[in-house]
Structures are given as structure tokens and as C-alpha cells.
Amino acid sequence: MSLCQPQNKQNSCGACCGIFNLKLNSLSFQKILKERTKDFSSNVSFDEPWKIAEYRQRREKIEAEYKKVDEMIYNCPYLGFIDKEYKKIGCMIHPERTKDPKSQNFSFYGSSICQGYTCTNFDRQTAGSWQKIFDSMELNYFEYSNLAADHITINCIEKFFLETHISLDRMFSEYKNLLIDLLFLKLRNKRLKPLLHQTSFEIDTNLPEKTNLEKLAERLKLKKNGEIYQKLLDIYHD
Ligand code: SF4
Ligand code: SF4
């Protein structure tokens, strides 16, 4: 079980493969990922490896037209759906599928980076507890990736609780509903649309002199007279 591919769950994360860096909405992501998956399954056979390379060339040409949030971030076309229901995303040339440990060498990054990279949230000690929270929210792959890769928001939340002398264990048990409210707010608030394009490579530019309450409020654009802000304020002053 990992944050990237939770077992037995109809969601998964593919943020670091770059897809959400495209300036598109969730319906367009679904369309592109479906197109990729169908193209790959119709035209690629693992017995004819050159077809894996041809697929990449073809898709890169098509997807070069799409606008990106950050031009420097690569959008790997081997990310597609790995289930029949088109719900779970993952690497279509992962060794578990190809039975070749080096098959990701057909990609831009190469197999050592594809297999070696882990994002900040993946490496976090509390990754398993966050995954349980995400799972309880019944998210789709777009929403799940958005939270799984967002180390800045998760850092803000953890630091806020630690600053108020609430342990992370207590945070996950006593404040679970508040965590879920904060995360849904992040996904649903229209003003936070720019935060929906996570890749996990984002850099936290928040100024260190701000309090963690201020950082969290700013990150999630919390209204000072809003219910969630007031709850945080109560915790902060307790
Ligand atoms: S962004 Fe993190 S959680 Fe998501 S697939 Fe990459 S390493 Fe896994
Ligand atoms: S080849 Fe690497 S970058 Fe591309 S989808 Fe697979 S894991 Fe992601």
C-alpha cells in the first residue's frame, strides 16, 4: 500500500508524471487519459518494444499543443488508466505490467528516476494517516492526486497543529472532520483553482515570519468570519 497506488481503492495519484500541469479542467484530463489508454492498448504490444517508443512520439506531438502551467515540467504520455473502468491512473509501462524492470527507459525520465522519485508527502512519516483521510473522502483520481501531491497544504496543516501543541496523532483522531473540511475546501473553492494543478514539485514561498494560522488561512483563502477559520482560531487560542 502506498500513497501513489492505494490497494483496493478506485483512486491513485499520477501528479509527478506531469498531467495536471496542463491548463485543463477535470473533464479534459479524463478525455486525454482515455485517449492515451485506448491508443496505447490498441497500438502497443510489449513483444514489439519499438511500438512503445512510437506511441510516445505520437502522443508528444499531439500534446505539445496543450498549454502548461509551468513550461519546464514534462508531461509524460505513459500515464493512463490501468483499470477497465477508467478510474485508476498509473504508469502504462510500469515493470509490473511489462515484466521488464527497465521498461520505463522508454520515457523521458528513464526507469531509475521513475522508480526512485518519491515526493514530500510520500516520504512523510504521517503518509499512511493522510491516505486514510483521503480514502474516507471518496475522491476521484483528479482530486486524490491533487491532495496526495500537495505537500505545501499538508505542511501548513501539520505545522498549525504542532504549533498549538496538538500532536499529529491527536490531530488525526480528534480533528479528523476538520481536516476533511479543510481538504474539501481546497478542492471545491473556485478561488483556489490555481492550486488544482499539482505536480509535487511546487516550492513553498510562504514567508517564515508568518504564524502557521496565517499561512494556512492564506493558502486556503479562508474567510476570517468563516466557520472553519473560527474553528482554527479557537484551537489556536485554547
Ligand atoms: S506525486 Fe507523490 S504520491 Fe503522487 S504519484 Fe508522485 S510520488 Fe506518488
Ligand atoms: S514513465 Fe515514468 S513519468 Fe511516465 S508515467 Fe511512467 S512513472 Fe510516470
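Surrounded by fewer than 16 Cβ atoms within 10 Å (Cβ to Cβ) and in the same structural domain as residue 94 (by TED's automatic domain parsing): is that true of residue 45 in this structure?
It is true that residue 45 is surrounded by fewer than 16 Cβ atoms within 10 Å (Cβ to Cβ) and in the same structural domain as residue 94 (by TED's automatic domain parsing).
Looking at segment 61-72, is at least one residue among the basic types (Lys, Arg), exposed (fewer than 15 other Cβ atoms within 10 Å of the Cβ) and touching a residue at least 12 places away in the same chain (Cβ under 8 Å)?
Looking through segment 61-72, at least one residue is among the basic types (Lys, Arg), exposed (fewer than 15 other Cβ atoms within 10 Å of the Cβ) and touching a residue at least 12 places away in the same chain (Cβ under 8 Å).
Among the residues of segment 1-27, write down those that are more than 11 Å from ligand 1 (Cβ to nearest atom) and within 12 Å of residue 196 (Cβ to Cβ).
Correct list: 21, 22, 23, 24, 25, 26.
In segment 1-34, how many are free of Cβ contacts under 8 Å to residues at least 12 places away in the same chain and not basic (Lys, Arg)?
Result for segment 1-34: 5.
Please go through segment 23-53 and give me each residue that is of a type in the set (Asp, Glu) and closer than 16 Å to residue 80 by Cα, ordered by number.
35, 39, listed by residue number.
Specify the residue that is modelled with the highest pLDDT; the eligible residues are those in segment 1-27 that are assigned to a helix (DSSP H, G or I) and of a type outside the set (A, V, I, L, M, F, W, C).
Result: 21.
For the subset of segment 110-141 comprising residues that are within 16 Å of ligand 2 (Cβ to nearest atom) and closer than 17 Å to residue 12 by Cβ, which member is surrounded by the fewest Cβ atoms within 10 Å (Cβ to Cβ)?
Here the answer is 117.
For the structure I just gave you, tell me whether residue 70 is closer than 22 Å to residue 202 by Cα, outside the structural domain of residue 171 (by TED's automatic domain parsing), out of contact with any strand residue (DSSP E or B) (no Cβ under 9 Å at 6 or more places or on another chain) and not polar (S, T, N, Q).
Yes, satisfied.
Among the residues of segment 46-57, is any touching a Lys or Arg at 6+ places or on another chain (Cβ under 6 Å) and more than 12 Å from ligand 2 (Cβ to nearest atom)?
Among the residues of segment 46-57, not one is touching a Lys or Arg at 6+ places or on another chain (Cβ under 6 Å) and more than 12 Å from ligand 2 (Cβ to nearest atom), which makes the answer no.
Among the residues of segment 22-36 satisfying the criterion of being touching a helix residue (DSSP H, G or I) at 6+ places or on another chain (Cβ under 9 Å) and more than 16 Å from ligand 2 (Cβ to nearest atom), which is farthest from residue 71 (Cα to Cα)?
Step by step, filter segment 22-36, then rank; the result is 30.
Could you figure out which of (1) within 13 Å of ligand 2 (Cβ to nearest atom); (2) in contact with a helix residue (DSSP H, G or I) (Cβ under 8 Å, 6 or more places away or on another chain); (3) within 17 Å of residue 97 (Cα to Cα); (4) in the same structural domain as residue 94 (by TED's automatic domain parsing) isn't true of residue 19?
All conditions pass for residue 19, except number (3).
So if I check each of 79, 3, which one is touching a Phe, Trp or Tyr at 6+ places or on another chain (Cβ under 8 Å) and buried (at least 18 other Cβ atoms within 10 Å of the Cβ)?
3
Is segment 179-197 home to any residue that is out of contact with any Lys or Arg (no Cβ under 7 Å at 6 or more places or on another chain), assigned to a loop (DSSP other than H, G, I, E, B), closer than 28 Å to residue 117 by Cβ and within 16 Å of ligand 1 (Cβ to nearest atom)?
Yes, some residue in segment 179-197 is out of contact with any Lys or Arg (no Cβ under 7 Å at 6 or more places or on another chain), assigned to a loop (DSSP other than H, G, I, E, B), closer than 28 Å to residue 117 by Cβ and within 16 Å of ligand 1 (Cβ to nearest atom).
The values are calculated or read from the model by the stated rules, or taken from the named source; none is laboratory data. Treat the numbers as computed from the prediction; the structure is a model and nothing was measured. Backbone-built Cβ (ideal geometry, glycine too); neighbour counts: all protein chains shown.
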